[in-house]
Amino acid sequence: MSRAVVIGAGLGGVLAAAALSPVVDEVIMLDRDELPDGPEHRKGLPQGRHAHLLMPGGLAAMEDLVPKISVREHLLAAGAHEISLSSGMVALSPEGWFRRWRHSSHHMITSSRALLDWAVRSAVVDNTGNVEIRTAQVVDLIGTARRVHGVRIGTPTDPTELDADIVIDAGGRGSRILTWLTTLGIVGIDEKRVDTGLVNATRIYRTPPGAEDFPLTMVQANPYLSQPGRSAVIVPIEDNRWMVSLGGSRGGEPPADTEGFLRYTLDLPHPIVGQLISGAEPLTDVFVSHSTSNSRRYLEKAREWPDGLVVLGDALATLNPTYGQGMSVAALGAQALRRQLTHADLAAPGVTRKVQRAAAKIVEPAWSIAVSQDGMYPEVRGGKRTAADRIAGRYARRLTRAATGSYVAASALWDVTGLEAGPARLLRPGTVLAALNGSPLPPLSEPPLTPSERELLNTLDTTSGEGAPSSTSV
């Protein structure tokens, strides 16, 4: 009987288990923490209390990985929201306000991370039949530099061996894969880290009456000012709540106290987030996290790679959560695992190396987006920009400026940031022409709100007695 062992039962591990389910007889997921029975925050997920966006490309991958159930419908039934990037979002970019278009496209899912993890985990376990979750600490890998054939669990002094035909490390940021590989005799793995010092601060509010359909609202950080990046977002989540997450790079960190939290939002390039939450009921204190750096292990470039081992998700690469791509990259990595193994013999030499290289190709676009922008912030550590980065950055900035008033340009950006297409999408003739021509519409001086949304904003704003800015049509 063939067996797969997955280290880590977070989102990446669960999706890897879904990918393996059709190709092996038994899948055992191992997690050191006892997992909650419902949508509750769990240990081992440092960003779990902050805003998460499931991008369209990631959702499509999940739908493919769990064919017996619609993951989208399962998430929506659990309380998640579906947001259109083209019409359901109010966003201030470094180049100005994005317009909202009458036709809806590029849908993403928003919810608490606790709900998303629980809903996807239950969907996979309930609809596969051969996936099991065990609470256990993985101590080491069993095998040699030529082949891994299991894991040791328990304690270093009293381990138990668990054999496997394939081992997937989806153990997240805390993975010990480099230590384990060294034990097997595989050394010299390149590793890169780009750290802006980003701090996230999040508070939950009750959605104000009448604001149930208010658009996702975002003020993006600006990397072009030679100043610390500062941002804020209001994300609708389950149970009629708003999740409000602030982000600040080194020197611009958001405070942890409630008064400072509001003041931070009002001091952004536009105070819309602060105006909205000033009249909303807070439900929690402020949660703060510092675990935000980009890090990547170039395992695909190792001179030797053992058969029977694959590393996916945050164990392979962690991304600045500001860009909202981590979950989708994990889903696409699991999808690559499924595709590579569907017609392969697990015992054949070189199979898992092909999987590892395919996973690296999935990581590369999201990694490039994150580190090229993070490299522009002051006091960034490990993020020296190359000449190619600067050229690409100038083009991306011009395209973003065009996207504030061009649906063609905006759609191209959404395709790439939503992980529905690779970077080549930005070089199609129509996209390049849109970038060169710029926005055909004048820039907006105010948020693109409908009259009813503007009225609600005015009602909620208790910050200064001055109210919100005057009306601007969508």
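The values are calculated or read from the model by the stated rules, or taken from the named source; none is laboratory data. Because the structure is a prediction, the values reported are computed rather than measured. With ideal geometry, Cβ positions are generated from the backbone for all residues, glycine too; neighbour counts draw on all protein chains shown.
Candidates are the residues of the stretch 1-36 that are surrounded by fewer than 22 Cβ atoms within 10 Å (Cβ to Cβ) and within 23 Å of the chain's Cα centre (by Cα); the one that is farthest from L162 (Cα to Cα) is P36.
Taking every residue in the stretch 164-186 that is within 23 Å of L332 (Cα to Cα) and pairing it with any residue that is crowded, with 21+ Cβ neighbours inside 10 Å and aromatic (F, W, Y), at least 6 positions away or on another chain, the pairs with Cβ-Cβ distances below 9 Å are D169/W180.
Kindly list the number of the only condition in (1) buried (at least 23 other Cβ atoms within 10 Å of the Cβ); (2) farther than 30 Å from E446 by Cβ that fails for G247. Tallying (1) buried (at least 23 other Cβ atoms within 10 Å of the Cβ); (2) farther than 30 Å from E446 by Cβ, G247 fails exactly one: (2).
Go through L346, L266, L276, L262 for me and flag whichever is assigned by TED's automatic domain parsing to the domain that holds D25, surrounded by 16 or more Cβ atoms within 10 Å (Cβ to Cβ) and either under 15 Å from the mean Cα position of the chain (by Cα) or aliphatic (A, V, I, L, M) (or both). Every option except L346 fails the conditions.
Scanning the stretch 279-309 for residues that are under 30 Å from S445 (Cα atoms) and either surrounded by fewer than 19 Cβ atoms within 10 Å (Cβ to Cβ) or aromatic (F, W, Y) (or both) gives G279, E281, P282.
Restricting attention to the stretch 73-112 and to residues that are over 30 Å from G405 (Cα atoms), touching a helix residue (DSSP H, G or I) at 6+ places or on another chain (Cβ under 9 Å) and without any contact (Cβ under 8 Å) to a residue 60 or more places away in the chain, the residue that is surrounded by the fewest Cβ atoms within 10 Å (Cβ to Cβ) turns out to be A77.
Modelled with pLDDT of 95 or more, more than 25 Å from V194 (Cβ to Cβ), crowded, with 24+ Cβ neighbours inside 10 Å and assigned by TED's automatic domain parsing to the domain that holds H52: does that describe L312? Considered against the rule, which asks whether it is modelled with pLDDT of 95 or more, more than 25 Å from V194 (Cβ to Cβ), crowded, with 24+ Cβ neighbours inside 10 Å and assigned by TED's automatic domain parsing to the domain that holds H52, L312 comes out as no.
Among the residues of the stretch 191-212, the ones that are at pLDDT below 95 and out of contact with any strand residue (DSSP E or B) (no Cβ under 7 Å at 6 or more places or on another chain) come to 2 in all.
Let me confirm something: among I237, I186, which residue is at pLDDT 95 or above, of a type outside the set (K, R), touching a helix residue (DSSP H, G or I) at 6+ places or on another chain (Cβ under 8 Å) and more than 18 Å from P447 (Cβ to Cβ)? So the residue among I237, I186 that is at pLDDT 95 or above, of a type outside the set (K, R), touching a helix residue (DSSP H, G or I) at 6+ places or on another chain (Cβ under 8 Å) and more than 18 Å from P447 (Cβ to Cβ) is I237.
Restricting attention to the stretch 195-214, does a residue exist that is outside any loop (DSSP other than H, G, I, E, B), touching an Asp or Glu at 6+ places or on another chain (Cβ under 7 Å), of a type in the set (V, I, T) and farther than 21 Å from R100 by Cβ? There is at least one residue in the stretch 195-214 that is outside any loop (DSSP other than H, G, I, E, B), touching an Asp or Glu at 6+ places or on another chain (Cβ under 7 Å), of a type in the set (V, I, T) and farther than 21 Å from R100 by Cβ.
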